[in-house]
1. Which one of these is at pLDDT 80 or above, of a type outside the set (G, A, S), more than 14 Å from L36 (Cβ to Cβ) and more than 23 Å from the chain's Cα centre (by Cα): R90, R86?
2. Suppose we filter the stretch 25-83 for residues that are among the aromatic types (F, W, Y) and not in a helix (DSSP H, G or I); how many remain?
3. Please determine, by comparing only the residues of the stretch 41-75 that are polar (S, T, N, Q) and at pLDDT below 85, which one is nearest to the chain's Cα centre (by Cα).
4. Against the condition loosely packed, with under 11 Cβ neighbours inside 10 Å, under 15 Å from F34 (Cα atoms) and either in contact with a Phe, Trp or Tyr (Cβ under 6 Å, 6 or more places away or on another chain) or not hydroxyl-bearing (S, T, Y) (or both), how does N54 come out, does it pass?
5. Filter the stretch 1-22 for residues that are touching a helix residue (DSSP H, G or I) at 6+ places or on another chain (Cβ under 8 Å) and surrounded by 10 or more Cβ atoms within 10 Å (Cβ to Cβ); which is modelled with the lowest pLDDT?
6. Given the structure, is R38 of a type outside the set (F, W, Y), surrounded by 11 or more Cβ atoms within 10 Å (Cβ to Cβ), more than 23 Å from the chain's Cα centre (by Cα) and at pLDDT 85 or above?
7. Going residue by residue through the stretch 72-92, is there one that turns out to be in contact (Cβ under 8 Å) with a residue 24 or more places away in the chain and surrounded by 11 or more Cβ atoms within 10 Å (Cβ to Cβ)?
8. For the stretch 36-93, how many residues are closer than 26 Å to R23 by Cβ and of a type in the set (K, R)?
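The values are calculated or read from the model by the stated rules, or taken from the named source; none is laboratory data. From a predicted model like this one, the values you see are computed outputs, not experimental measurements. Reconstructed Cβ throughout: ideal geometry from the backbone, glycine too, with neighbour counts over all protein chains shown.
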Amino acid sequence: MVKRLGTRRPARPLAEGRWFWRRLYALTVTAALFWLLRGAVRATPPERLPETANGLMTLMALILVLYLVAPTAQQLAAVAANLRLRLAVRGRP
């Protein structure tokens, strides 16, 4: 197979470099929120329990959604670079 100079195959996207730490962070935060929910249930007067539990469960759901849906730093950098190129093509700095 002859390799031509100046021709490159498109690079494959790399896997997220820090996936272990991202998952460890999500697991740690979720466990801490469950611990807070347990403590809040024990310390809260019975008439305030529904509001307290609802607020903590909403926060847990938000973190889960952000973990599953939010883009990685590599994806955000690619979007920013693409946007910068598009703006430069239009004549903007």
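1. Result of the check over R90, R86: R86.
2. Pass one, the stretch 25-83, residues among the aromatic types (F, W, Y): 25, 34-35, 67.
When the remaining residues are screened for being not in a helix (DSSP H, G or I), the result is none.
Result for the stretch 25-83: 0.
3. Among those that are polar (S, T, N, Q) and at pLDDT below 85, it is T72.
4. Answer is yes for this residue.
5. Filtering the stretch 1-22 for residues that are touching a helix residue (DSSP H, G or I) at 6+ places or on another chain (Cβ under 8 Å) and surrounded by 10 or more Cβ atoms within 10 Å (Cβ to Cβ), the one modelled with the lowest pLDDT comes out as E16.
6. yes
7. Taking the stretch 72-92 and keeping what is in contact (Cβ under 8 Å) with a residue 24 or more places away in the chain, we get 72, 74.
Within this subset, residues satisfying the condition of being surrounded by 11 or more Cβ atoms within 10 Å (Cβ to Cβ) are 72, 74.
Checked the stretch 72-92: at least one residue is in contact (Cβ under 8 Å) with a residue 24 or more places away in the chain and surrounded by 11 or more Cβ atoms within 10 Å (Cβ to Cβ).
8. Going through the stretch 36-93 one residue at a time, the tally reaches 1.
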